[in-house]
Every structure is written in C-alpha cells, then in structure tokens.
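What follows is a set of notes on a single structure, which appears directly below.
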Amino acid sequence: MFTNSKTLENGKPGAVPLLTVVGDRARMEGKFDIADSIQVECEVGGEMTVGGKLVIGEKGSVSANVQTVDAIVMGSYSGNMIATGNVEITETGRVTGNITTDSLVISKGGFFNGNVTKMNDSSNGQRPVYAADDTRAAYVSGQR
C-alpha cells in the first residue's frame with residue numbers, strides 16, 4: 001500500500017523521496033501532513049499539507065482541502081487547493097473546486113470547474129493565460 005521511491009525524472013536513483021499510496025479499493029480519511037512529495041493512487045479525504053509535490057494518479061481520487069508546493073492532477077480532485085508553485089491538470093484530470101496558485105496549466109481534455117486566484121496578484125486587472133500547447137499569451141480581465 002505504501003512505497004517509497006527515490007527516483008529522479010530521468011528514472012535514475014536520486015535523493016528526492018516520493019511516497020506513493022496505492023490501493024484500488026483503499027480509502028483514507030483524516031488530516032495528513034506530508035513533509036516531502038506524495039503520489040496518490042487511491043481515495044483520500046480530509047485535509048492535506050504537502051511540503052513538496054502532490055501527484056494524483058489516474059486511479060487517485062482526492063476530496064480534501066490541500067496546501068502544497070506543486071500539484072499534478074491526473075485523476076480526480078475536489079476541494080480548495082493552495083499551491084505556492086505550479087498546478088497542472090492533465091488530459092485525464094478532473095478538478096472541481098477553487099485553486100490559488102501562481103501557475104495553472106490545463107491540458108487539452110482536462111476538466112476544471114471552479115475559480116482560480118493568482119497567489120501574488122499585483123497586476124492591473126489583466127493577467128496572462130496560456131494554453132498547454134500554445135506559447136502566445138491571451139489576456140483575461142474582469143472579476144476574479
């Protein structure tokens with residue numbers, strides 16, 4: 001159910017711990033405080049504080065208020081998320097709730113229903129929005 005994998009993005013051993021929680025029918029509920037990064041491949045509810053990256057795998061379902069640095073959603077997430085770094089919703093990801101972050105990327109096919117608030121917003125009401133496969137900026141203005 002729990003594995004601790006120390007690999008880098010290139011697949012070679014490294015010093016970045018990634019706790020993985022796996023279980024097709026596993027369900028955990030409570031208040032979780034994870035110092036490093038975690039990958040979730042089961043059902044989790046409650047509150048989560050993650051000191052690194054939260055990865056919700058394709059089989060993962062998280063219904064919790066989350067505070068994290070970075071997040072990648074490949075499965076299902078509902079709740080309020082505060083991410084001081086980047087949030088990515090992949091083509092298989094489904095998110096319902098509010099996200100506060102500096103960077104949000106939604107891949108083609110990804111689903112998002114909620115509100116986004118920029119973490120350190122000092123702009124004049126306009127902010128850049130980027131499509132996952134487009135590098136040109138479009139500006140969105142209006143009520144946030």
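The values are calculated or read from the model by the stated rules, or taken from the named source; none is laboratory data. All of these numbers come straight from a predicted model, not from anything done at the bench. Here the Cβ positions follow ideal geometry from the backbone for every residue, glycine too, while neighbour counts run over all protein chains shown.
Test residue 123 against the stated conditions and say whether it is modelled with pLDDT under 95 and surrounded by fewer than 17 Cβ atoms within 10 Å (Cβ to Cβ). For residue 123, the condition - modelled with pLDDT under 95 and surrounded by fewer than 17 Cβ atoms within 10 Å (Cβ to Cβ) - is met. Annotation: residue 44 fulfils all but one of (1) within 12 Å of the chain's Cα centre (by Cα); (2) crowded, with 17+ Cβ neighbours inside 10 Å; (3) free of Cβ contacts under 8 Å to residues at least 24 places away in the same chain; the unmet one is (1).
The criterion of being surrounded by fewer than 18 Cβ atoms within 10 Å (Cβ to Cβ), of a type in the set (Val, Ile, Thr), at pLDDT 95 or above and part of a strand (DSSP E or B) does not hold for residue 92.
For region 99-106, indicate whether the set of residues that are within 24 Å of residue 27 (Cα to Cα) and at pLDDT 95 or above is non-empty. Yes, the conditions are met somewhere in region 99-106. Could we say that residue 70 is of a type in the set (D, E, K, R) and modelled with pLDDT under 95 here? Considered against the rule, which asks whether it is of a type in the set (D, E, K, R) and modelled with pLDDT under 95, residue 70 comes out as no.
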